[in-house]
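S.K.: This is the structure I have questions about; it appears just below.
The values are calculated or read from the model by the stated rules, or taken from the named source; none is laboratory data. As the structure is a computational prediction, the values presented were derived from the model and not from experiment. Note: ideal-geometry Cβ built from the backbone for every residue, glycine included; neighbour counts use all protein chains shown. Note: areas computed on protein heavy atoms with side chains; ligands, DNA, RNA excluded. Shrake-Rupley method; radii C 1.70, N 1.55, O 1.52, S 1.80 Å.
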Amino acid sequence: MEKTYFRHEYKYIINACDHEILRSRLSRVMAQDIHTDGRGRYTIVNIYFDSPGDAALCQKIDGVDIREKFRMRYYNKDTDHIHLEKKTKQNNLCHKEGVWISGGECLKILDGDIKWLKEEISRPLLQELYGKMVVQQLRPKTVSVYERMPFVCPAGNVRVTLDSGMRTGIHSRDFLQADKVPTAYSGGEKTYLLEVKYDSFLPEHIRAMIQLGGRNLSAYSKYAQSRSFG
């Protein structure tokens with residue numbers, strides 16, 4: 001059996017000044033993700049799955065050590081290429097599995113047409129989603145949109161991201177038309193988020209660059225925040 005591979009993941013709530021300081025520092029020592037636009041950013045649109053009783057949300061709020069959630073996402077309005085992901089968290093360790101699906105396949109899932117998922121032998125994550133949509137009654141819950149500025153470093157497989165403009169569609173499930181959905185800031189207009197992810201080690205020069213006084217480790221969840229309106 002293939003061993004599940006976990007990465008370290010840490011989050012910190014920061015402000016606009018912190019964001020600019022980190023952007024300046026990190027751009028000197030880390031490369032930008034190749035998929036960013038001319039501003040060094042990309043827009044991410046997510047839709048999260050949960051049960052009728054909101055099991056994933058409750059586990060997050062209750063601080064359950066081991067938990068998982070499914071989501072679909074796309075980047076920069078490219079709805080022809082959707083990424084289905086299952087994210088498993090164990091304390092500050094994270095494991096992600098993902099598979100690409102088409103816009104048409106995504107639309108079927110959103111419409112509840114899921115029987116075809118169980119036949120996707122070459123994409124077992126789709127089969128797993130099917131099982132959990134049947135047994136746990138997982139369903140798409142709400143749309144989340146935000147801007148990300150990502151920096152990468154091959155040593156330690158480090159990824160440092162600066163997220164801003166976190167917004168929620170407030171009960172909307174119109175995932176493929178997110179740019180037309182009225183949104184509200186889910187964590188406050190001036191909320192920014194620093195995320196640090198790496199494999200076995202974080203290089204010392206990057207560790208030094210991300211140091212900010214008075215910023216404590218956060219359990220911030222974009223899904224939980226996107227459900228703040230219900």
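S.K.: Would you list Thr4, Thr191 from the most to the least accessible area, probe 1.4 Å?
M.R.: Numbers: Thr4 75, Thr191 25 Å².
Ranked list, largest accessible area first: Thr4, Thr191.
S.K.: Another question, if that's okay. Which entries in Lys69/Lys108; Lys11/Lys118; Lys77/Lys108; Lys89/Lys180; Lys69/Lys197 show an alpha-carbon gap greater than 27 Å? Kindly include the intermediate steps, with their values, before the conclusion.
M.R.: Working: Lys69/Lys108 20 Å; Lys11/Lys118 35 Å; Lys77/Lys108 19 Å; Lys89/Lys180 32 Å; Lys69/Lys197 18 Å.
Distance filter (> 27 Å) returns Lys11/Lys118; Lys89/Lys180.
S.K.: Rank these residues by their accessible area, most exposed first, probe 1.4 Å: Phe49, Phe229, Phe6.
M.R.: Numbers: Phe49 5, Phe229 105, Phe6 60 Å².
Order by accessible area, largest first: Phe229, Phe6, Phe49.
S.K.: Rounded, prolate or oblate: which one fits region 104-186, using the alpha carbon gyration tensor with axes a ≥ b ≥ c (rounded when a/c is under 1.5, else prolate when a/b beats b/c, else oblate)? Please list the in-between numbers first.
M.R.: Values: a/c = 2.63, a/b = 1.28, b/c = 2.05.
Cα axes put region 104-186 in the oblate bin.
S.K.: Next question, about the same structure. Considering only protein heavy atoms and a 1.4 Å probe, what is the carbon-and-sulfur percentage of the accessible area of the chain? Working shown, then result.
M.R.: On the way: 5990 of 11640 Å².
Reported share for carbon and sulfur atoms: 52 percent.
S.K.: How would Asp33, Asp174 line up by accessible area, probe 1.4 Å, largest first?
M.R.: Asp174, Asp33
S.K.: Here's something else I'd like to know. Quick query: amide H of Leu138 versus all other amide H atoms, modeled in the peptide plane; which residues come in under 5 Å with a sequence gap of 5 or more or a different chain?
M.R.: For Leu138, the qualifying residues are Met133.
S.K.: A further question follows. Points 7 angstrom from Cα along the Cβ direction at Lys108 and Thr36: gap in nanometres?
M.R.: Once both label points are built, they end up 3.7 nm from each other.
S.K.: Same structure, new question: Just how large is the dipole of the chain about the Cα centre, in debye to the nearest 20, putting +1 at every Lys and Arg Cβ and -1 at every Asp and Glu Cβ?
M.R.: On the way: 36 positive and 29 negative charges, 71 e Å.
Dipole about the Cα centre, nearest 20: 340 debye.
S.K.: To continue, here is another question. Nearest 10 degrees, 0 to 90: what angle lies between the long axis of helix 16-29 and the longest principal axis of the chain (Cα atoms)?
M.R.: 80
S.K.: Round to the nearest 10 and give me the degree value, 0 to 90, for the angle of helix 124-135's Cα axis relative to the longest principal axis of the chain.
M.R.: With rounding to tens, the tilt is 60 degrees.
S.K.: Can you give me the accessible area per residue for the chain, using a 1.4 Å probe, in Å²? Mind showing how you got there, number by number?
M.R.: Working: 11640 Å² over 230 residues.
It amounts to 51 Å² per residue over the chain.
S.K.: Any chance you could check the Cα centroid distance between region 139-187 and region 52-119 for me, in angstrom?
M.R.: That distance is 13 Å.
S.K.: Below 14 angstrom from the Cβ of Leu107, what's the summed charge of the other residues (Lys, Arg +1; Asp, Glu -1)?
M.R.: My count for the surroundings of Leu107 gives -3.
S.K.: While we're on this one: What is region 1-65 by shape, rounded, prolate or oblate, if you read a ≥ b ≥ c off the alpha carbon gyration tensor as root eigenvalues and call it rounded for a/c under 1.5, prolate for a/b larger than b/c, and oblate otherwise? Spell out each step's value before the answer.
M.R.: Details: a/c = 1.98, a/b = 1.73, b/c = 1.14.
Cα axes put region 1-65 in the prolate bin.
S.K.: Which parts of region 130-160 would a label at Val64 reach, counting a residue when its backbone N lies under 15 Å from a point 7 Å out along Cα-to-Cβ?
M.R.: 132-133, 135-139
S.K.: Would you pull out the residues with amide H under 5 Å of Arg7's amide H, same chain only if 5 or more places away, H placed 1.01 Å from N?
M.R.: Cys94, His95
S.K.: Further question: With the cut-off at 1.5 for a/c, could you classify region 42-160 from its C-alpha gyration tensor as rounded, prolate or oblate?
M.R.: Working: a/c = 1.58, a/b = 1.18, b/c = 1.34.
Oblate.
S.K.: Quickly estimate the mean residue ellipticity at 222 nm for the chain, helices only: each DSSP H run with n ≥ 4 gives -39500 (n - 2.57), and the total goes over all residues, rounded to 500.
M.R.: On the way: 6 runs with 53 residues, N = 230.
So the helix-based figure for the chain works out to -6500 deg cm²/dmol.
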